[in-house]
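Beneath this line is the structure, given in structure tokens, with notes to follow.
Nothing in this text is a laboratory measurement; each read-out follows from the coordinates by a stated rule. Remember, predicted model here, so these are calculated numbers, not experimental data. No Cβ is skipped: glycine too gets one built from the backbone with ideal geometry, and neighbour counts run over all protein chains shown.
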Amino acid sequence: MKTISVKIEENIINDIKKICDIYNISFSDFIRNTLEKEVNEKKNDFMYRMNNVPFCDENEEKEIIEALNKLFDDDLKIAKVERIKLWNK
């Protein structure tokens, strides 16, 4: 484990202290658990997961280019459009 310093608004600190008292957990445990939960949630997010997809190697790239070169113009037309929401706003 590593110790770090974080600035937190006083009202948030007071809320955390109250939660810790009610649930009988330490302030540090609460912060660790909360951060772990947030990190795990972000790691399951689409943007994070797509950021960790490896690029293809040279052989895979060559194979893809060869397959694309065999396609006709009709093969390259968009067949279906789908929209995905990447984040809440």
FRET efficiency for Lys17 and Asn52, using Cβ-Cβ distance with R0 set to 41 Å, rounded to 0.05: 0.65
C-alpha long axis of helix 27-43 to longest principal axis of the chain, angle in °: 10
Ranking Ala67, Ile4, Tyr23 by how far each Cα lies towards the positive end of the charge dipole of the chain (+1 on Lys and Arg Cβ, -1 on Asp and Glu Cβ), the top one is Tyr23
Set Lys and Arg Cβ to +1 and Asp and Glu Cβ to -1, take the dipole of the chain about its Cα centre, and tell me which of Ile13, Leu35, Asn52 lies farthest positive. Ile13
To the nearest 20 debye, what charge dipole does the chain have about its Cα centre, counting +1 at the Cβ of each Lys and Arg and -1 at the Cβ of each Asp and Glu? 560
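Longer than 22 Å from Cα to Cα, which of Lys17/Lys43; Lys17/Lys37; Lys2/Lys37; Lys43/Lys77 are they? Say none if no pair is. Please list the in-between numbers first.
Working: Lys17/Lys43 28 Å; Lys17/Lys37 19 Å; Lys2/Lys37 18 Å; Lys43/Lys77 34 Å.
Pairs exceeding 22 Å: Lys17/Lys43; Lys43/Lys77.
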Spatial extent of the chain: Rg and Dmax, with the Cα atoms as the point set, Å: 23.8, 68
Suppose only helical runs count, i.e. DSSP H with n ≥ 4. What mean residue ellipticity at 222 nm does that imply for the chain under -39500 (n - 2.57) per run, divided by all residues and rounded to the nearest 500 deg cm²/dmol? -17000 deg cm²/dmol
For helix 10-23, what angle does its Cα long axis make with the longest principal axis of the chain, in degrees from 0 to 90 and rounded to 10? 80
